[in-house]
Amino acid sequence: MPQSNAPELVRVLLIDDDEDDYLIMKRLFASMKSINSQLDWVSSSEAGIAKILQSQHDAYLIDYRIDGRTGLEVLQEVNAIERSEPFILLTGVGGQEIERESLEMAASDFLIKKNLTSDSLARALYYALGRKEQEKQKIDELIKLNKSKDEFISIASHQLRTPATTVKQYVAMMLDELGGPVNEKQKQLLQKAYDSNERQLTIINNLLKVAQIDSNTFSLTRTMVDISMVVKTAVEDILPAFEEVNQIVTVSANEPATAFVDENAIRMVVDNLLENANKYSESDSKVNVSVTSDQYAVKITVSDTGVGVSEPERLFKKFSRVENKLSASVNGTGIGLYWAWSIAKMHGGGLQYAANQPKGSTFTLTLPQV
């Protein structure tokens, strides 16, 4: 049986447009012995929604049919799945489909009015409160676990960064022959070590950035920036990587498009989108980059004819990589798009994905005008 830390007085709101049903429910509550409760009543869905949003009750009983709408619509409007109070739906006639839909919409229980007794109602309330308490405890544990994980990632990344940077410096010195002559074969091996170390530092830096965002320690330094210039500079810098595999890049960013942003952070987001278009597109493919603006927002669009995305719902999740025919040959940590999405949100904007036809992907970064 769930452990219920119910308050001494359980405040319950009945949302039902039938006064007779309210009077019946009032008698049932009056005869309850196992739970000390207080029943309040509203006779419309709108009044019920307003009361729910005020969070003044410990549990809610909602009629499945109320003034032309369903209890499910009420649950959806108040975002019941995110709330800490339990919701119990009431109906005059049972049905497996209705019960299934109720539970999917985060109802704690589904009760048939004609079968109700004071004992069965008290039991339903007790279990509903208990389950919500268990859910809250699990959520609190997950929050603590996630915080510990973020702290570990941050500390580990800091500790790894210093020796990795030192290795990079010494390898660079050897490549420059500051320690003596190096033959061609040795240079090739040192260059591979240098490149591997560079990838390691990139991973460490990405982990640090994600840890900072998740712990709310990453802060933006905003200035008025011409986004068109940021995008054109980013494309110029990465152009050799596109040319190496005969990919054609076109840029449409001729008009100034200013926004109040952290230039370095936005540049890194643009770099990430361009790198993905390059890595996940085959030779001789095309990539189009554009900047548009109006009085409300500046939009950066990166559109490619690459391999596309098979599971778009996973794109912006942390440490999640979507498999495709090029992913095995492409290095990645699964945090680049999560970081880019987080930066967009911090700016009050967004990062969206859309599939191209017949193939490819379009990513749109939206930054609000201030």
Query - Residues of region 197-214 classified as touching a helix residue (DSSP H, G or I) at 6+ places or on another chain (Cβ under 6 Å), surrounded by fewer than 19 Cβ atoms within 10 Å (Cβ to Cβ) and among the acidic types (Asp, Glu), total - result: 0
Report task. Considering every residue within region 322-332, establish whether at least one is part of a helix (DSSP H, G or I) and modelled with pLDDT of 90 or more. Result -> no
Query raised in the report: Here is a list of conditions, (1) of a type outside the set (D, E, K, R); (2) in a strand (DSSP E or B); (3) under 24 Å from Gly348 (Cβ atoms), and Ala211 meets all of them except one; can you say which number that is?
Result: (2)
Requested in this report: May I ask you to list the residues in region 37-62 that are over 33 Å from the mean Cα position of the chain (by Cα) and buried (at least 16 other Cβ atoms within 10 Å of the Cβ)?
Outcome: Ser37, Leu39, Trp41, Val42, Ser43
Requested in this report: List every residue pair whose Cβ atoms sit under 8 Å apart, with the two residues 6 or more apart in sequence or on different chains, where the first one lies in region 341-370 and is on the phi > 0 side of the Ramachandran plot and the second, anywhere, is exposed (fewer than 15 other Cβ atoms within 10 Å of the Cβ) and not hydrophobic (A, V, I, L, M, F, W, C).
Outcome: Gly348/Pro368
Query raised in the report: Can you name every residue in region 11-34 that is under 39 Å from the mean Cα position of the chain (by Cα) and either basic (Lys, Arg) or at pLDDT below 90 (or both)?
Result: Arg11
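Quick check on Tyr64: is it aromatic (Phe, Trp, Tyr), in contact with a Ser or Thr (Cβ under 9 Å, 6 or more places away or on another chain), free of Cβ contacts under 8 Å to residues at least 60 places away in the same chain and farther than 18 Å from Asp109 by Cβ?
No, not satisfied.
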Report task. Kindly indicate whether any position in region 240-254 is in a helix (DSSP H, G or I) and hydrophobic (A, V, I, L, M, F, W, C). Result -> yes
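For Lys132, are the conditions met, namely being of a type in the set (Lys, Arg), assigned by TED's automatic domain parsing to the domain that holds Lys209 and either at pLDDT 85 or above or under 30 Å from the mean Cα position of the chain (by Cα) (or both)?
For Lys132, the condition - of a type in the set (Lys, Arg), assigned by TED's automatic domain parsing to the domain that holds Lys209 and either at pLDDT 85 or above or under 30 Å from the mean Cα position of the chain (by Cα) (or both) - is not met.
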Report summary line: By residue number, the members of region 181-202 that are among the hydrophobic types (A, V, I, L, M, F, W, C) and within 12 Å of Ala164 (Cβ to Cβ) are Ala193, Leu201
Query raised in the report: So is Thr162 modelled with pLDDT of 75 or more, surrounded by fewer than 13 Cβ atoms within 10 Å (Cβ to Cβ) and not assigned by TED's automatic domain parsing to the domain that holds Glu198 or not?
Result: no
Query raised in the report: Restricting attention to region 73-81, does a residue exist that is assigned to a loop (DSSP other than H, G, I, E, B), assigned by TED's automatic domain parsing to the domain that holds Ser108 and crowded, with 16+ Cβ neighbours inside 10 Å?
Result: yes
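Every residue, every condition in (1) part of a strand (DSSP E or B); (2) on the phi < 0 side of the Ramachandran plot; (3) within 23 Å of the chain's Cα centre (by Cα), yes or no:
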| site | (1), (2), (3) |
| --- | --- |
| Ile238 | no, yes, no |
| Asn264 | no, yes, yes |
| Asp271 | no, yes, yes |
| Asn276 | no, yes, yes |
| Ser281 | no, yes, no |
| Val291 | yes, yes, no |
| Ser303 | yes, yes, yes |
Query raised in the report: Taking the condition acidic (Asp, Glu), in contact with a Leu (Cβ under 7 Å, 6 or more places away or on another chain) and either without any contact (Cβ under 8 Å) to a residue 40 or more places away in the chain or closer than 28 Å to Asp294 by Cβ (or both), does Asp262 pass?
Result: yes
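The values are calculated or read from the model by the stated rules, or taken from the named source; none is laboratory data. Just so it is clear, the structure is predicted and the values come from calculations on it, not from any experiment. Note that we place each Cβ from the backbone using ideal geometry, even for glycine, and neighbour counts take in every protein chain shown.
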